[in-house]
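Working notes for the structure below.
The values are calculated or read from the model by the stated rules, or taken from the named source; none is laboratory data. Just so you know, these numbers come straight off a predicted model, no measurement behind them. Here the Cβ is made from the backbone with ideal geometry for all residues, glycine too, and neighbour counts use every protein chain on show.
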Amino acid sequence: MLGTFYYFLVTLINQFCSSILFNMEQAQKFSAIVHKENDWYASWCPYIDIASQGKTVEEAIANLKEAVELYLEDEDVSVPQTTSFLTTFEVSHAKTSHPVSA
């Protein structure tokens, strides 16, 4: 009787621990670049090189999020641990008055 109780208790603890490990989600933030291509919006996550699209910006981002989640489900995937950021810069150039030949 006592052996059955211990077996039940150990089984219950194992199931509990397994469910905790299974349900642990690691939240990560990614950057997305979105641009319009004809009637569609293309979205791209340069950090892991995943892309998607949608009819609206919101749909393109939602589709990209789903694609990244599916990509990260693979056990063999390693996400780089580097920090990246997006910035802008300005370039000025003079127009040439003669054609440039190659």
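Condition test on Tyr71, is it outside any loop (DSSP other than H, G, I, E, B) and either crowded, with 16+ Cβ neighbours inside 10 Å or out of contact with any Cys (no Cβ under 7 Å at 6 or more places or on another chain) (or both)?
Values: outside any loop (DSSP other than H, G, I, E, B): yes; either crowded, with 16+ Cβ neighbours inside 10 Å or out of contact with any Cys (no Cβ under 7 Å at 6 or more places or on another chain) (or both): yes.
When the stated conditions are applied, Tyr71 passes them.
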Counting only residues in region 45-65 that are among the aliphatic types (A, V, I, L, M) and part of a strand (DSSP E or B), the one nearest to Ser78 (Cα to Cα) is identified as Ile50
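Among the candidates Asp39, Asp49, single out the residue that is loosely packed, with under 10 Cβ neighbours inside 10 Å, modelled with pLDDT of 90 or more and out of contact with any Gly (no Cβ under 9 Å at 6 or more places or on another chain). Lay out the reasoning, then the answer.
Values: Asp49 fails: modelled with pLDDT of 90 or more.
Being loosely packed, with under 10 Cβ neighbours inside 10 Å, modelled with pLDDT of 90 or more and out of contact with any Gly (no Cβ under 9 Å at 6 or more places or on another chain) holds for just one of Asp39, Asp49, which is Asp39.
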